[in-house]
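The values are calculated or read from the model by the stated rules, or taken from the named source; none is laboratory data. Every value quoted in this text rests on a predicted model; they were computed, and no experiment measured them. Because the Cβ atoms are built from the backbone with ideal geometry, glycine has one as well, and the counts that use them run over all protein chains shown.
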Amino acid sequence: QRVGADRTEGFTQVTHRYPMLSLANTYSYDEVKEFYQRVQRDLGREDFTIAAELKYDGLSISLIYEDGLLVRAVTRGDGTLGDDVTANVRTIRSIPLRLRGEGYPSSFEIRGEILLPFTEFNRINSEREVAGLPLFANPRNAASGTLKSKNSAVVASRRLDAYLYYVLGEDIPKKSHYENLLMIKKWGFKVSDNIHLSTSLDSIYAYIDHWDTERRYLPVATDGIVLKVDNLNQQQQLGSTAKSPRWAIAYKFEPEKVETKINKIVYQVGRTGAVTPVAEFDR
Ligand code: IVH
């Protein structure tokens, strides 16, 4: 078994039909500009549109639908092999078990992020505090612990949510990523209302500026912005490296900084024997 993957014993492992790549990260407007100019150059100066989206800070999930029914839900794992968490995912109310409307391919895959909303995170932690149980460090850890639970009733009691942002398959209805997301919304999936189509760097910067502050009012955690070339033919033209697509990047928000005092440093020994120093501090 490869080290570092989020696979868990007790779940059946499944090979992804399409590998689950990650996104190249950027941290500055200059790097965003480099991405934009590279796309411009690689598309031979052809016009293009960028879909700017929020980067959700949860767990990525791959859902397979056959004839309108959810047949399988698999975690990212190491990108090639993931855990089959279908039974748990079936309890998430915002993931349709049966699609609505029409026009969906007979077989397709849809990817998104599973998240625990802040209000649910606080509720669960308050209950755990009363019960003398260890608290979850953040909504992402809580979502991960929940999705990997062997008891689907526990999963159902913690109201996980899911935002979907990527459709894959042979017969995808539209040639525009954004239009595909509008389609999947009609089939019953939860799609962000905050996607913006940009045809200039300035409007991308304006989107990033806006969400860097506004994200604190969202019900779920976000840690950046994802920029995607909207046209699927252009995406194909740009292609991917072994790790990430060349048609998309993530811009990561600077984490919030606060002052604190380190009380103690403990040494944690991991599964592989690696020792990691961990600082304990007050909130
Ligand atoms: S698109 C080929 N869109 O960020 C890449 N990913 O390292 C397809 N993520 O593994 C991913 N919000 O878990 C995409 N709006 C969004 C996203 C998003 C969060 C996560 C996803 C992915 C990771 C990238």
Checklist entry - Q37 passes all but one of (1) farther than 20 Å from S200 by Cα; (2) more than 16 Å from the ligand (Cβ to nearest atom); (3) without any contact (Cβ under 8 Å) to a residue 60 or more places away in the chain; which number fails? => result (1)
Next on the checklist: Can you say whether I225 is more than 14 Å from G112 (Cα to Cα), modelled with pLDDT of 95 or more and buried (at least 17 other Cβ atoms within 10 Å of the Cβ), as far as the supplied structure shows?
Outcome noted: yes
Checklist outcome for this item: If we ask which residues in the range 40-97 are within 30 Å of Y205 (Cβ to Cβ), more than 15 Å from the ligand (Cβ to nearest atom), in contact (Cβ under 8 Å) with a residue 24 or more places away in the chain and among the basic types (K, R), their number turns out to be 0
Checklist outcome for this item: Reported set for the range 149-204 where residues are within 29 Å of F136 (Cβ to Cβ), assigned to a strand (DSSP E or B) and of a type in the set (A, V, I, L, M) is A162, L164
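This table checks each residue for (1) within 20 Å of the chain's Cα centre (by Cα); (2) surrounded by fewer than 16 Cβ atoms within 10 Å (Cβ to Cβ); (3) within 21 Å of A52 (Cβ to Cβ).
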| site | (1), (2), (3) |
| --- | --- |
| R159 | yes, no, no |
| V167 | yes, no, yes |
| I184 | yes, no, yes |
| D193 | yes, yes, yes |
Item to check | Residue count for the range 228-269, restricted to those that are within 15 Å of the ligand (Cβ to nearest atom), at pLDDT below 95 and among the basic types (K, R) | outcome: 1
